[in-house]
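Trainee: The structure is given below, and queries will be raised subsequently.
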Amino acid sequence: MIRMLTAGESHGKGLSVIIDGLPAGLPVDQEFINIELKRRQHGYGRGKRMQIESDTVEILAGVRNGKTIGSPISLWIKNRDYENWKDRMNVGPLETDEPVTAPRPGHADLAGVQKFGLSDIRDVLERASARETAARVAAGALYKQLLKQFDIKIFSHTVAIGSVAYENATRSNAEAEFSPLRCRDANQESVMMQLIDKVIEEGNTLGGVSEIIATGVCPGLGTYTQWDQRLDARIAAAIMSIPSVKGVAIGDDDISEKPGSEAQDEIIYESNKGFLRKSNHAGGIEGGMSNGENIVVRINIKPLPSLRKPLRSADIRTGKAVDAQKERADVCVVPAAGVVAEAMLAFVLAEALTEKFGGDSIDDMKANFQQYMQRL
């Protein structure tokens with residue numbers, strides 16, 4: 001079983017993540033982790049924080065001589081902006097004590113101070129910040145390196161920004177990776193960017209839709225035998241944990257509008273490939289298990305609640321009407337959310353693989369996997 005635990009605040013010293021359960025002997029490419037962190041920071045509509053931070057990872061434990069050794073892995077990402085915040089984020093007595101008391105609608109601010117009995121919203125917003133997802137992406141890069149051993153690849157692309165949606169694929173996935181919004185439709189991407197420019201001028205924010213696809217997944221990951229072990233349920237829970245994600249669809253997101261005869265995937269058999277589906281409306285999962293087709297996940301990302309022109313709120317000390325707290329933030333994070341969702345999908349698939357094929361060593365896993373595939 002793979003476990004992951006992150007720690008750290010948005011403007012604290014840095015972010016850490018501990019990963020337990022990866023098999024021994026897995027080759028680790030540290031530069032690939034840094035590339036994934038860079039992907040998370042890119043995207044048209046990102047804020048000034050991305051110009052300050054240039055995330056790189058330090059591996060503190062669990063890797064020796066370029067390979068995992070079976071013990072917990074510890075990763076560290078330094079916050080470069082901490083130097084500008086240490087008077088407010090010091091673990092000892094603060095040099096500057098200016099509590100935040102105007103909660104932002106749409107954030108964890110108010111519910112957080114109510115839950116923990118706090119008087120300073122900064123104690124909530126620093127941890128609730130999406131900055132935490134950098135640690136998940138670093139971990140996700142390790143999960144992807146495990147999946148690569150089984151020929152599983154994961155990528156994402158932007159489907160919509162606000163009301164402007166993808167229409168036709170004019171680019172390959174590889175080409176889209178280097179576009180401003182990581183969108184396969186070059187024409188619609190230009191319209192999306194114009195919309196972002198308009199929203200920037202208004203001091204507003206935009207949400208959208210990203211699609212995440214995993215290729216090469218074998219049949220039989222997950223199970224129908226218990227509700228909490230169904231693969232689609234685990235994927236949905238993992239991706240819904242990403243800040244600003246408000247909806248997850250696996251397969252066709254309009255499947256409820258179709259008659260049953262058009263919503264299912266007919267089965268065929270080919271002697272050189274085995275059992276296949278003629279379509280993939282189910283998004284690669286049937287009965288809580290992977291079925292051998294691509295796993296396709298769409299996520300709905302709400303507009304960010306940190307606004308340059310803040311909404312109205314109520315002071316937690318006095319109850320008086322005030323403007324919500326202003327924090328430096330992005331205008332649109334849809335491409336970045338796709339990268340974070342890749343990491344979370346990689347976590348679920350890596351966990352399911354180690355459950356099915358054993359997780360002590362990568363050689364044992366691969367031997368068990370090959371035997372299973374021969375049986376199929």
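What follows draws every value from the coordinates through simple rules; no lab data is involved. Here the structure is a predicted model, which is why all the values come from computation and not from measurement. Neighbour counts run over all protein chains shown; Cβ positions are idealised from the backbone, glycine included.
Trainee: Tally Lys and Arg at +1 and Asp and Glu at -1 over the other residues with C-beta under 12 Å from the C-beta of V159: what net charge comes out? Write out the running numbers ahead of the final one.
Mentor: Working: positive: R182, R184, R298; negative: E167, D185, E189, E211, D253.
Cβ neighbours under 12 Å give a net charge of -2.
Trainee: Can you tell me the length gained on complete extension of the stretch S279 to E177, counting 0.36 nm per residue apart and subtracting the Cα distance?
Mentor: 34.2 nm
Trainee: Shifting gears a bit: Rounded, prolate or oblate: which fits the stretch 1-140, taking a ≥ b ≥ c as square roots of the Cα gyration tensor eigenvalues, rounded meaning a/c under 1.5, else prolate when a/b beats b/c?
Mentor: Here the stretch 1-140 falls in the prolate category.
Trainee: As a test of the formula, what do you get for the chain when each DSSP H run with n ≥ 4 contributes -39,500 (n - 2.57) and the sum is divided by the residue count, at 222 nm and rounded to the nearest 500 deg cm²/dmol?
Mentor: When only DSSP H runs of four or more count, the value is -10000 deg cm²/dmol.
Trainee: Additional query: What is the sum of charges, Lys and Arg at +1 and Asp and Glu at -1, for the other residues whose Cβ falls under 15 Å from the Cβ of L276?
Mentor: Surrounding charge for L276 is -2.
Trainee: Here's something else I'd like to know. How far apart, in nanometres, would the label points at S256 and D360 be if each is projected 7 angstrom from Cα along the Cα-to-Cβ direction?
Mentor: Placing both labels 7 Å along Cα→Cβ, they lie 4.7 nm apart.
Trainee: Would you pull out the residues with amide H under 5 Å of S361's amide H, same chain only if 5 or more places away, H placed 1.01 Å from N?
Mentor: Result for S361 returns A24.
Trainee: Further question on the same structure: Given that just one value was derived from the coordinates, which of [x] 68, 67, 42; [y] 71, 49, 38; [z] 63, 45, 42 is Cα extents along the principal axes in Å?
Mentor: [y]
Trainee: Next question. When only C-alpha pairs under 8 Å and at least 6 residues apart count, what is the relative contact order of the chain, in percent? List each step's numbers first, then the result.
Mentor: Details: 778 pairs, mean separation 86.3, N = 376.
In percent, rounded to a whole number, it is 23.
Trainee: Then there's this: Taking θ = phi - 60°, what integer Hz values does the Karplus form 6.51 cos²θ - 1.76 cosθ + 1.60 yield along the stretch 242-248, in sequence order, with x for Gly and Pro?
Mentor: 6, x, 6, 7, 10, x, 10
Trainee: Relative to the present Cα-Cα distance, how much length would full extension add between F32 and E98 at 0.36 nm per residue of separation?
Mentor: So the extension gain works out to 19.8 nm.
Trainee: Quick check on my link table: of K13/K153; K115/K309; K86/K153; K67/K115; K86/K309, which ones sit more than 30 Å apart, alpha carbon to alpha carbon? Intermediate results must be reported in sequence, preceding the final value.
Mentor: On the way: K13/K153 33 Å; K115/K309 27 Å; K86/K153 40 Å; K67/K115 42 Å; K86/K309 27 Å.
Exceeds cut-off: K13/K153; K86/K153; K67/K115.
Trainee: Also, quick follow-up: In a Gaussian network model over the chain where Cα atoms closer than 10 Å are linked, find which of S290, S163, S74 has the largest mean-square fluctuation.
Mentor: Of the options given, S163 has the highest mean-square fluctuation.
Trainee: Between the stretch 138-190 and the stretch 68-101, how far is it from one alpha carbon centroid to the other, in angstrom?
Mentor: 32
Trainee: From the backbone phi of the stretch 56-70, what are the Karplus-calculated ³J(HN,Hα) couplings (6.51 cos²θ - 1.76 cosθ + 1.60, θ = phi - 60°) in whole Hz, Gly and Pro given as x?
Mentor: Values per residue, Gly and Pro as x: 9, 9, 10, 8, 9, 7, x, 10, 9, 6, x, 9, 5, 10, x Hz.
Trainee: Oh, and also: At 0.36 nm per residue, and after removing the present C-alpha to C-alpha distance, how many nm does the segment from N90 to N368 gain when stretched out fully?
Mentor: The N90-N368 span can extend by a further 95.1 nm.
Trainee: So how do S306, S172, S190, S210 line up by other beta-carbon neighbours within 10 Å, fewest first? Don't skip to the answer; put the middle values down first.
Mentor: Working: S306 21, S172 9, S190 14, S210 29.
Fewest-to-most Cβ neighbours within 10 Å comes out as S172, S190, S306, S210.
Trainee: So, in Å, what gap is there between the alpha-carbon centers of the stretch 342-376 and the stretch 238-282?
Mentor: 22
Trainee: Mind jotting down the three principal axis lengths of the stretch 184-307 based on Cα atoms? Whole angstrom, largest first.
Mentor: The Cα atoms of the stretch 184-307 stretch 58, 34, 29 Å along their principal axes.
Trainee: Now, a different point. Note down the magnitude of the dipole of the chain about its Cα centre, charges +1 on Lys and Arg C-beta and -1 on Asp and Glu C-beta and zero elsewhere, to the nearest 20 debye.
Mentor: Here the chain has a charge dipole of around 460 debye.
Trainee: Taking other Cβ within 10 Å of each residue's Cβ, how do R104, R375, R46 sort, fewest first? Working shown, then result.
Mentor: On the way: R104 23, R375 6, R46 18.
Final ranking by Cβ density, sparse to dense: R375, R46, R104.
Trainee: Next up: Please report the net charge: other residues with Cβ closer than 13 Å to the Cβ of M240, K and R +1, D and E -1.
Mentor: So the surrounding residues net to +3.
Trainee: Here is a follow-up. Among the complete DSSP H segments of the chain, which ones combine at least 18 Å of alpha-carbon extent along their axis with a mean Kyte-Doolittle hydropathy of 1.0 or more? Could you put the intermediate results ahead of the total?
Mentor: Details: long enough: 133-148 (22 Å, 0.40); 186-202 (25 Å, -0.14); 334-357 (34 Å, 1.30); 362-375 (20 Å, -1.27).
Span-like helices, by this rule, are 334-357.
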